[in-house]
1. Which of the residues that make up the range 109-149 are open to solvent by less than 10 Å² (accessible area, probe 1.4 Å) and within 19 Å of V29 (Cα to Cα)?
2. Within the range 1290-1337, can you find the residues that are assigned to a loop (DSSP other than H, G, I, E, B) and touching a Gly at 6+ places or on another chain (Cβ under 7 Å)?
3. Return the only residue of G713, G656 being open to solvent by less than 50 Å² (accessible area, probe 1.4 Å) and in contact with a Gly (Cβ under 8 Å, 6 or more places away or on another chain).
4. Tell me which residues, restricted to the range 141-180, are in a loop (DSSP other than H, G, I, E, B) and at pLDDT 85 or above.
5. Can you say whether L200 is touching a helix residue (DSSP H, G or I) at 6+ places or on another chain (Cβ under 7 Å) and open to solvent by 30 Å² or more (accessible area, probe 1.4 Å), as far as the supplied structure shows?
6. Could you tell me whether any residue of the range 1247-1256 is touching a helix residue (DSSP H, G or I) at 6+ places or on another chain (Cβ under 6 Å) and open to solvent by less than 10 Å² (accessible area, probe 1.4 Å)?
7. Can you find, within the range 1225-1236, the residue that is farthest from the chain's Cα centre (by Cα) among those that are in contact (Cβ under 8 Å) with a residue 12 or more places away in the chain and either surrounded by 23 or more Cβ atoms within 10 Å (Cβ to Cβ) or not in a helix (DSSP H, G or I) (or both)?
8. Quick one: in the range 630-646, which of the residues that are among the hydrophobic types (A, V, I, L, M, F, W, C) and modelled with pLDDT of 85 or more is surrounded by the fewest Cβ atoms within 10 Å (Cβ to Cβ)?
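The values are calculated or read from the model by the stated rules, or taken from the named source; none is laboratory data. It should be emphasised that the depicted structure is a prediction, and the values quoted were computed from it without experimental measurement. Heads up, the Cβs are rebuilt from the backbone with ideal geometry, glycines too, and the neighbour counts pull from every protein chain shown. SASA here: full protein model, heavy atoms, side chains in, ligands and nucleic acids out. Shrake-Rupley method; radii C 1.70, N 1.55, O 1.52, S 1.80 Å.
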Amino acid sequence: MCVFVCTSQNASYLNREDPDLPVCFEQTVLVWIPLGFLWFCAPRHLVSLCRRTQVGTKHLSWRYIFKQLVVCLLFLTAIAALAVTLGEDYGPNTVSPGKNPGVFYANPVLYAVTWILLLLCQEGVRRREGSVDSATLFLFWFFLVLCDIFPFQTLLREALQLGEISDVPRFCLFYISFGLELIALILSAVADVPPEAEELVKKNPEVGAVFLSRITFSWFSSMVVKGFKRPLVQGDMWELNDTDGTADINQRFQYFMQSELGAARVRFQNKLKKKRDKSRDKAQEEAFQNGLGKGVSQDVLMMEEKGKKGDEKKKKKDKKKEEKDHPNSWLITTIYKAFKGILFESAFFKLLQDLLAFVSPQLLKLMVSFTQDPSRFAWEGYLYAVLLLLVAILQSLVLQQYFQRCFVLGMKVRTAITAAVYKKALVVSNDTRKESTVGEIVNLMSADAQRFNDVTNFIHLLWSCPLQIGLSIVFLWFELGPSVLAGLAVMVLLGPINGLLATKARTIQVSRNANSYRIVVVYTILKLYAWEPSFQAQVEGIREDELNVMRKFAYLTSVSTFIFSCAPALVSLATFAVFVGVSPNNLLTAEKAFTSIALFNILRFPLAMLPMLIAAIVQTTVSRKRLEKFLGGEDLESDIVRHDPSFNSAISICDGSFAWEREAKPLLKNVSLDIKPGRLVAVVGAVGSGKSSLMSALLGEMYSTKGFINIQGSLAFVPQQAWIQNATLRDNILFGSSHEERRLQGVIQACALGPDLELLPGSDLTEIGEKGINLSGGQKQRVSLARAAYSQADIYLLDDPLSAVDSHVGKHLFDEVIGPNGLLKDKTRILVTHGVSFLPYVDEIIVLVDGVVSEVGSYNSLRASRGAFSEFLDTYAKEQSNQTHSESDVFKAPDLEDTLPDSPLEDTVSVTLKREDSIRRSQRNGSVRLRKKSSLKKSDNVSDIKKGQRLIENETMETGKVKFSVYLQYLRAMGWGYTVMVFLVYFTQNVAFIGQNLWLSDWTNDAVDYYNMTYPNWKRDTRVGVFGVLGVAQGVFVFIGTLLLANASVDASRILHSRLLNNILRVPMIFFDTTPIGRVVNRFAKDIFTVDEAIPQSFRSWLLCLLGVVGTLFVICLATPFFTIIIIPLAVVYYFVQRFYVATSRQLRRLDSVSRSPIYSHFSETVSGLSVIRAYGHQDRFLKHNETTTDENLKSLYPWIVSNRWLAIRLEFLGNLVVFFAALFAVISRKTLDSGLVGLSISYALNVTQTLNWLVRMTSELETNIVAVERVSEYAELENEAKWVTDTRPPEKWPEKGRLQFDNYKVRYRPGLDLVLHGITCDIDSTEKIGIVGRTGAGKSSLTNCLFRIIEASEGRILIDNVDISTIGLHDLRSRLTIIPQDPVLFSGTLRMNLDPFDKFSDEDIWRVLELSHLKDYVAGLQEGLQHEVAEGGENLSVGQRQLLCLARALLRKSRILILDEATAAVDLETDDLIQNTIREEFSHCTVLTIAHRLHSIMDSSRVMVLDAGKIVEFDSPSNLLQQQGHFYAMATDAGITREETTVL
């Protein structure tokens, strides 16, 4: 009833110059609103009161006590108010009782109850875990103060008018309570952090942020200020919230993934079953029909046969296809279920924002109609201006909350996918792993996860766009009636065109190639073989295709951009034209026109976004399939290896057959073994007989086709090729175990690592590069062995660890670690070995022949049985007589200390650490050759060294502003002509846009001019015509601009990529040794991707935004010249906000990309060491490590997301002020303005908020993306090695003789380091066979590096056939020499491509060399023959086979000089013999240099060169050297070679 009265009074209160609300409205509705809100929200707070909490532990802060005190005082004012009323009605001086209205009783009671409720609520908030304030209580105080402002001014105005206060007690009580409410409001906006959370808040301010700070993101300001003062570093990053951490995200995701994937697998199996049933029925049907026609002529039968063959072929193809199938469509549901909370929250905010967006056009309409009617009161205009501001601010706050949620969601999705891929990689089966290379899996992690991230950011637009379109149309209908349908029709027509373009675009999706990854991995071989051009051509070819696809893609997008920039113009044209054309009475008024324009502007966004979103979703489906295929692939079967304690043997295999792939023929057939605990068992056999496969089977890495394996106890595994992590040497040995100094020292001494540690600058804290790059092969193997020895497992699987080390070191390792008296003497050891000399000391020998165990027994029993084993020995071992002769001293590990001056046991690899320059940093004082004795007096400056030495420098990160030259560099790559034209075209488009709107504003004035007159047709046609032409012109210009930009950016991409590739192929070897692969790959993948796709996009958007903002401000100033006054302060504020933000944001982006590299590096390292990680059972530790690296990345990614919101809130606030002032000035100067211009300026201003925001975002995005150009050009400007081809070219047939002369040759790895070779002088004649021997680190490998000019001479020269090699080009030199390197390097591709990348040779040639290298039978036995796909790094071949392939490569090149770098270290004796024979026959006319570990292989050389510490100490024929009894003699006695033998040879 009261409200009714109020409303009827209301009219009179508002229809005057100074309006006011009626008192009864103020006393009722305005009181109920805030109180109702509190009562509605109270239950949530009261719940935490009912929960049992240890209230004692929670402190009572002064803020809390103060808050409660204020509420108590308010309670007292309520009681006082009630007392006053009672006193007036029933007090002693009352004349007539009950004269006060009921509201004077009701309100104090309501308030009193509310204050009591509030006391309880505040206590509830205090008890809530981790709460620092309450949003609802803050809002309650805010509403209360807001509603009390009205009575506040009413009471004041009344008092001023009357000149006295009519009701003193209530007047005083109201103002007292108003003051208290203000204090309470301020208090509720202050954080009340409990002392136990203070530490946490320091590490993560978000935890302690109050409601106001959370909605405006002010808690982030400290980071922005810090970033502005100095470039941020990783240490400045805050801790993550628990829910944003990788562990938490991954756990949720895995939980849902298991159930979803399980369901998908079931669906998949059913589908396959149906398919099989179908094909079976079909086959039966066919068989039945075939059976019918018995009397058919021969011809027909023949034809049928042919047909059948065709069918079979087809079926094979189909089968292939079917195998490729995999469980699908489970990833999306998993993502949805895992993150649905945050999804729904963001959806709510989005809905709110969409609805608010439609309020502004309605206010604009009121505003325009207000300016048209001069008789209306001014306060209306001000009210509309304030409302416009409030709605805009609310909209901004809601929008930013929505964005924050969406971006965090995107981040979480990416993290979840990355973690899932990593986890999967740890358990993936060999089949699935073969299907994708490391590069491709890294791609899943980087590119595909990123795609999902991008799509989830905007996923809500799927429903929000249609909603916005629908609402716009409804509102437009109110404005223009059915004419809207014309505009709608235009939109509907444009829809399918865009759909068509999207599907077109989908067919040409750019596939990123993993080729650059390949290059980086096999750079050694490319350099040594001078194969760079072949690879460059390959990559450039693929890149050209990529660019063509990009160009097509860009053209299509420009067509759709054209359609979309035309759309608003065409739509408004159609609508207005129909509107004025339908009936002469329809006049286009300003309010109609500009409300419609504002609505059309709202329409623009969803219309532009939908197709983009659809295109993005299309691209994501490709990624989704790839991810589902990988994540849904098979896991390694965990039940291949059993752990049944009832067996009494350590390892037993019962009749097992094992294959590498599910469908393949078993490699190991019918193996039965029984190995008792504590025994040392040797496994011998020829190359490819299945020794390593046996190890893999024991590790559970192979498919068991029958039988089973049982293993008791934990495993340690030493692989044939040592796997070293990029960590300190100590971490490599500890491998996650706890550090015990004594045990560690014992292991280091036993593994002969002591001397090496003295040479490493940081001792055992030296950082080892990626793939163990700064260790020699022997050192890597010993570190790998030390890791096993330290692990204290029960069973040791040693896959030929002794082949990579010198013979005496091998003996030491056997004695100290593996053998009967070694560290591991009580453990079960299985040793794969090619070293015959160790066999007498093992307990049992297993002989493998072609995957079958041919014999098992002790050394003597096998010799006696005269089986395969004794043949094996007779062929390769020295006669037993020699054996016995040397046995006595072989296994004493003679104390060489006395016999040799140079303490040979020191495997001082580090003297020439393969690339030791990268670490020594010339820090070692004193000579290189530390005597054993000197280790007693450890140097005093150990503490300096102990910090460890970083080999791999931290990735350089540019800081501060991106230099302007980088932009110029990109523009130059695009071409100046293009750049200027693009700018002009876009500028013209903007002019057309403004012109169109000014024309419209002029058009609307016709409504006033022709009021109550007939509107002439010519006028109407002119108006519509010009409007239309200007609209279409915009579209055309945008189209031209986009086309030009597309061409320009493709050119830029091509130039930048080829520069990078060109240079990377020409950088010296040293660069690759000190740079992690991940970093180089990152340049090719992430940075080139940015140059290709992100930069052109952000450049275009930036240009459009800039022109848009300038245009808007121009129009507003044109309409209301007053506005120019405001521009300057706004611009200043804008500039500062932007500079603050850009500095921080740019650095956060850089931190993000730098902290992303380790994720991929660690990942590729994990994939290459899978078998080791699985063998030790360390999967969980690696998962943890991956979580920490990902978290480090998130720590810079999350602030970046927040920084965007921080900026957006502030900029939108500025934009909202622009709207407010545009409206305000319109109200002030409404007498002089025509309504058309008011409409124009405000509708423009409404648009500016978004554009301003985008401008800063684009400026910063352009700055962050342009960093990619900076990073690419950093690697494109690295120093090169010498020229590939120079003006002085050697003769065509050079070297004809193959004569080598070293002339006082000295070399150091880098200026400022010690010499590695000290003046080598020697003369090697044509066709001589030279053996090069020396302790590890004597400079043997350096010598070969010098021949290939991998390192350049610092003095002296090398002549080949009298040509000084330093005068000719590297390619002329390298292509005429041949090397069989120490590590056989293969790349993923066909066998043929591995042998002959340039396609120079015929198949016959290739088969011939395969025959010579004893691979012909193997290759002929493969299904695809020469086209057999080699896995990355040649993983699907044994190490011996890889070595033979490298031999085949050498045979193909037929050069006159051949270098063998320990080429036969990994091969058994039989294969070694084959290789030696082939080399003897095929290279008889060549000069051969052999760097040898096994002295046997060089005993037939013409001469032997003995190197020591970079000098030649002996150089003569083997027999002479043995007589001299010097260095060589000592080594020969070590290896058990005597003089009689050499004469035999």
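1. Selection gives T114, W115, F140, W141, L144.
2. Across the range 1290-1337, the qualifying residues are L1315, V1316, S1326, T1327, T1336.
3. So the residue among G713, G656 that is open to solvent by less than 50 Å² (accessible area, probe 1.4 Å) and in contact with a Gly (Cβ under 8 Å, 6 or more places away or on another chain) is G656.
4. Once the filter is applied, which keeps residues that are in a loop (DSSP other than H, G, I, E, B) and at pLDDT 85 or above, the range 141-180 yields nothing.
5. Spelling it out, L200 is indeed touching a helix residue (DSSP H, G or I) at 6+ places or on another chain (Cβ under 7 Å) and open to solvent by 30 Å² or more (accessible area, probe 1.4 Å).
6. As a first pass, look at the range 1247-1256 and keep what is touching a helix residue (DSSP H, G or I) at 6+ places or on another chain (Cβ under 6 Å): 1247-1249, 1251-1256.
Filter again for open to solvent by less than 10 Å² (accessible area, probe 1.4 Å), leaving 1248, 1256.
The answer is yes, given that some residue of the range 1247-1256 is touching a helix residue (DSSP H, G or I) at 6+ places or on another chain (Cβ under 6 Å) and open to solvent by less than 10 Å² (accessible area, probe 1.4 Å).
7. Quick first cut of the range 1225-1236, residues in contact (Cβ under 8 Å) with a residue 12 or more places away in the chain only: 1225-1231, 1233-1236.
With either surrounded by 23 or more Cβ atoms within 10 Å (Cβ to Cβ) or not in a helix (DSSP H, G or I) (or both) added as a condition, the list becomes 1226, 1229-1231, 1233-1236.
On the way: A1226: 51, S1229: 56, R1230: 57, K1231: 60, L1233: 56, D1234: 56, S1235: 54, G1236: 52 Å.
Residue satisfying both the conditions and the ranking: K1231.
8. Of the residues in the range 630-646, the ones among the hydrophobic types (A, V, I, L, M, F, W, C) are 630-631, 636, 640-641.
The next check asks that each one be modelled with pLDDT of 85 or more; those that pass are 630-631, 641.
Numbers: F630: 22, L631: 23, V641: 19.
That would be V641.
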